[in-house]
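The values are calculated or read from the model by the stated rules, or taken from the named source; none is laboratory data. What you see is a predicted model; the values in this text were computed from it and never measured. Every residue, glycine as well, gets a Cβ built from its backbone with ideal geometry; the counts of neighbours run over all protein chains shown. When the accessible area is computed, the model is the full protein with side chains, heavy atoms only, and any ligands, DNA or RNA have been set aside. Shrake-Rupley method; radii C 1.70, N 1.55, O 1.52, S 1.80 Å.
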Amino acid sequence: MEFGLKHNAPENARSACQIITVSQARKLSRSGQRVDKASKGFLTSITRRGDMEGKLGQTLLLPDVSGISAQRVLLVGCGKESDMNERNFTRLISSIVSALSACGARDAEFYPGDIGLKGRDLAWKIRQATLLMNNSEYQFDQLKSGKTSTSKGLRRLNHNLPRSDASKAKQAISEAQAISAGMSIARDLGNLPANICTPTYIARQARLVAKGEKRLRVNVLDEAAMKRLKMGSLLSVSAGSRQPAKLICMEYRGAAAKQQPIALVGKGVTFDTGGISLKPGAAMDEMKFDMCGAASVVGTLKAVTQMQLPINVVGIIPATENMPDGLATKPGDIVTSMSGQTIEILNTDAEGRLILCDALTYAAKFKPRCVIDIATLTGAAIIALGKVPSAVLGNNRSLIDGLIKSGQQIEDKIWELPLWDEYQDQLKSNFADMANIGGRDAGTITAACFLSRFTRDYKWAHLDIAGTAWKSGEDKGATGRPVPLLTQYILNQVK
Ligand code: BES
Ligand code: MN
Ligand code: ZN
């Protein structure tokens, strides 16, 4: 979708559709009042009759309103003014999107300044609206043989605002477009089945993102190189797979070479059968999404590259399948990680931490200012927090606080769980330095405890996105989270 700016009076706009908000007191927005006046009170007569009460999400399409230049007016309820918040703003935009897709309008004009939202400025509303509208266009139909639906709906949305706000607005729009482009890549990678989206495929896509981009370099290590680096833990996961593992490094250099980069490490298990500790069959197909952490790293680097941000960011993606096989790792096997610490693998289904620990050790080589890992790591994260926020844990207060704040800014929420020392005891092994599982209690925390043993040398945060990276059921599909959160965090480090 295209986005543009308009500065004309609402009654003079030659758009296919004017989007006018109405609050619950049946009160027309400022631009609504002008349209009302030009149409000799037509809108007021409609709200008086009770055809539009202003309830949040209610819509009413009015064709051929006399006295104005636009072809249609879409009245949209935005609820009580005092109830307007980030979540209701999101709901408002999605009701606009569905009403517009049901009508023939090719372009529409929106008045972000008409919506009062405490603590959020115009740029925020423009960026959020642009992001939501752009994301609503996402479709994954590349594997359906029927004609791909050429979208007939909205092609262009214009934000109408004062000329003095134009430069802020342009910036907000381009940020939203970059984030949306990143989310879309992340969703495609997530949605692709594991017979297509292999470690090799992710490596190829990472290279594609870097194609023609001077600031982004991609380097892919194969299994032989990982062996030389002594990544015994990572390789113990790929041992059971016919697909070769890859360690994909994406380096974006937007600032001086000496500036320490932000490192993003994403779990890229392209299919998680559980290995010899085989998972039950129900919904196992969803384990194709077990590389959504990796996908969010590729997506975030795409967004950063598109914005050409003046900062250094590296993405590190350990990518592998987790399969049962004659050569697969067995429960009880002991491996030596790149850090030198030994691990007793009591459950081969706790494989995410096994690939992340070596990637986290490797990350130190970039001398990062901080490291954020992103992983669909534990079902326990869904038990603890459901599917609303991602879980965050880490060893640095200001990094965690910065991530939490970023999540609030862009409506991609995270919630902290405690990483207290007491939990470390659950990882005791009789035979090695540690076990790879910590029992039933606090599974998300003990997984993070495991990772914390490999991240002592830098500021580190861990995002468990098991509950947020994809949706199940009728809407099954990747969400693109936490690309918005990560990109916002990086933007905040630039500003
Ligand atoms: N990829 C899974 C985690 C997962 C499961 C995410 C279901 C989303 C939905 C991970 O590799 C895994 O299997 N974790 C185990 C850990 C356990 C063996 C300690 C889990 O969560 O059951
Ligand atoms: Mn697993
Ligand atoms: Zn997994």
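Quick look at the values:
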item: Any hit, segment 239-261, residues being touching a residue at least 40 places away in the same chain (Cβ under 8 Å), open to solvent by less than 10 Å² (accessible area, probe 1.4 Å), within 23 Å of LEU451 (Cα to Cα) and not hydrophobic (A, V, I, L, M, F, W, C); result: yes
item: Filter result for LYS387 (more than 16 Å from ligand 1 (Cβ to nearest atom) and either of a type outside the set (Ser, Thr, Tyr) or not assigned by TED's automatic domain parsing to the domain that holds LYS413 (or both)); result: no
item: Residue in segment 344-366 that is modelled with pLDDT of 95 or more, in contact with a Cys (Cβ under 7 Å, 6 or more places away or on another chain) and away from ligand 2 (no atom under 16 Å from the Cβ) present; result: no
item: Qualifying residue in segment 297-315 (condition: among the charged types (D, E, K, R) and within 14 Å of ligand 3 (Cβ to nearest atom)); result: no
item: Cross-chain or 6+ apart pairs with Cβ under 6 Å, segment 1-26 first and farther than 27 Å from ARG49 by Cβ, then among the β-branched types (Val, Ile, Thr) and surrounded by 16 or more Cβ atoms within 10 Å (Cβ to Cβ); result: PHE3/THR130; PHE3/ILE173
item: Counted residues, segment 268-283 - those being under 26 Å from the mean Cα position of the chain (by Cα), of a type outside the set (Val, Ile, Thr), near ligand 1 (Cβ under 9 Å from one of its atoms) and open to solvent by less than 50 Å² (accessible area, probe 1.4 Å); result: 2
item: Residue that is farthest from ligand 3 (Cβ to nearest atom), among those in segment 342-352 that are surrounded by 22 or more Cβ atoms within 10 Å (Cβ to Cβ) and within 30 Å of THR300 (Cα to Cα); result: THR348
item: The lone exception for TRP420 - which of (1) touching a strand residue (DSSP E or B) at 6+ places or on another chain (Cβ under 8 Å); (2) open to solvent by 50 Å² or more (accessible area, probe 1.4 Å) it fails; result: (1)
item: Any hit, segment 389-412, residues being polar (S, T, N, Q), within 16 Å of ligand 3 (Cβ to nearest atom), open to solvent by less than 20 Å² (accessible area, probe 1.4 Å) and touching a residue at least 12 places away in the same chain (Cβ under 8 Å); result: yes
item: Residue, surrounded by the fewest Cβ atoms within 10 Å (Cβ to Cβ), within segment 81-117, restricted to residues that are of a type in the set (A, V, I, L, M, F, W, C), over 26 Å from the mean Cα position of the chain (by Cα) and over 27 Å from ARG163 (Cβ atoms); result: ALA102
item: Test: residue in segment 322-341 that is outside any loop (DSSP other than H, G, I, E, B) and either free of Cβ contacts under 8 Å to residues at least 60 places away in the same chain or within 16 Å of ligand 3 (Cβ to nearest atom) (or both); result: yes
item: Subset of segment 452-466 (residues that are of a type outside the set (Ser, Thr, Tyr) and either touching a Cys at 6+ places or on another chain (Cβ under 8 Å) or surrounded by fewer than 24 Cβ atoms within 10 Å (Cβ to Cβ) (or both)); result: ARG453, PHE454, ARG456, ASP457, LYS459, TRP460, ALA461, ILE465
item: The lone exception for ALA363 - which of (1) in a helix (DSSP H, G or I); (2) touching a helix residue (DSSP H, G or I) at 6+ places or on another chain (Cβ under 9 Å); (3) more than 13 Å from ligand 1 (Cβ to nearest atom) it fails; result: (2)
item: Close pairs from segment 296-319: first in a strand (DSSP E or B), partner surrounded by 22 or more Cβ atoms within 10 Å (Cβ to Cβ) and among the basic types (Lys, Arg), Cβ under 6 Å, at least 6 apart; result: ALA319/LYS246
item: Positions within segment 452-472 being within 16 Å of ligand 3 (Cβ to nearest atom) and not in a strand (DSSP E or B), in sequence order; result: ILE465, ALA466, GLY467, THR468, ALA469, SER472
item: ALA364 without any contact (Cβ under 8 Å) to a residue 24 or more places away in the chain and open to solvent by 10 Å² or more (accessible area, probe 1.4 Å); result: no
item: Subset of segment 423-451 that is in a loop (DSSP other than H, G, I, E, B) and open to solvent by 40 Å² or more (accessible area, probe 1.4 Å) - its residue that is farthest from ligand 3 (Cβ to nearest atom); result: ASN430
